[in-house]
Amino acid sequence: MTDPLIPELVETEVEVPERNPHLVPWITVGAIAVVAIVVSILLVTFGRAESIAPTAAPKPSTSQTSSPSPSTTPSETPTPTETPKTDDVPVVTMGPSQKLAIEPWGVQAQLSNKFGSSQYAIDAQQNLVLTSPLIEKLPESCAAMRKQFGITKGTDGKYVVLRPGEKCAEAPELYDEIWGQLAETVKTIKPL
């Protein structure tokens with residue numbers, strides 16, 4: 001007996017739609033794209049880590065090469081207090097750089113991006129005085145030094161680093177960084 005309120009169950013077959021064979025290539029392409037993105041992220045991450053590691057390695061090796069040079073001259077060994085010279089250019093890594101066109105001299109150079117947005121002025125003595133955010137980081141006790149960094153053009157046409165005679169006592173590392181970066185810039189000077 002059947003209840004008039006409950007309908008009878010009738011066995012019916014439910015048809016399950018088949019997967020569209022046209023979607024298989026799209027699913028495959030999507031999976032490959034996800035894998036490619038993950039691999040590229042890993043490669044970029046490892047590439048940055050490797051690019052940072054080699055820049056740290058040359059610093060000790062170059063400082064090692066500079067330490068044997070004073071010991072090769074036997075005349076300077078009796079005076080060990082004079083071994084650290086103020087004329088030894090600090091070893092730095094320039095890293096990414098930007099073009100610095102020095103049109104009044106008809107030359108160009110590569111200036112490290114560490115200087116930031118930089119400007120220069122050339123005085124009557126052929127001194128290019130550089131102004132940059134990196135130089136402006138010198139503390140107030142060394143504020144006068146901010147206008148003493150740049151490049152000098154000699155009468156013989158050679159270029160040398162323009163820098164204050166004494167180091168900034170409160171920021172000797174920053175002083176050395178600016179000096180070393182300017183020395184690297186001088187090495188890259190070439191005609192326009």
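The values are calculated or read from the model by the stated rules, or taken from the named source; none is laboratory data. Quick caveat: nothing in here was measured; it's all calculated off a predicted structure. Cβ sites come from the backbone with ideal geometry, for glycine too, and all protein chains shown count toward neighbours. Just the protein is used for accessible areas: all its heavy atoms, side chains included, with ligands, DNA and RNA removed. Shrake-Rupley method; radii C 1.70, N 1.55, O 1.52, S 1.80 Å.
Structure notes:
- Applying the condition of being assigned to a loop (DSSP other than H, G, I, E, B) and among the hydrophobic types (A, V, I, L, M, F, W, C) to segment 167-192 and asking which residue is modelled with the lowest pLDDT yields Leu192.
- Count of segment 145-189 residues which are open to solvent by 30 Å² or more (accessible area, probe 1.4 Å) and either over 19 Å from Ser118 (Cβ atoms) or charged (D, E, K, R) (or both): 19
- Candidate set: segment 92-137, residues that are under 16 Å from Pro164 (Cα atoms) and in contact (Cβ under 8 Å) with a residue 40 or more places away in the chain; chosen: the one surrounded by the most Cβ atoms within 10 Å (Cβ to Cβ): Leu130
- Meets criteria (over 25 Å from Gly95 (Cα atoms), over 21 Å from the mean Cα position of the chain (by Cα) and not polar (S, T, N, Q)) for Cys142: yes
- Test: residue in segment 136-159 that is over 17 Å from Ala171 (Cβ atoms), at pLDDT 90 or above and small (Gly, Ala, Ser): yes
- Of all residues making up segment 159-189, the number that are among the basic types (Lys, Arg) and farther than 18 Å from Leu130 by Cβ: 0
- Filtering segment 140-157 to residues that are in contact with a Ser or Thr (Cβ under 9 Å, 6 or more places away or on another chain) and assigned to a loop (DSSP other than H, G, I, E, B) leaves only Phe149.
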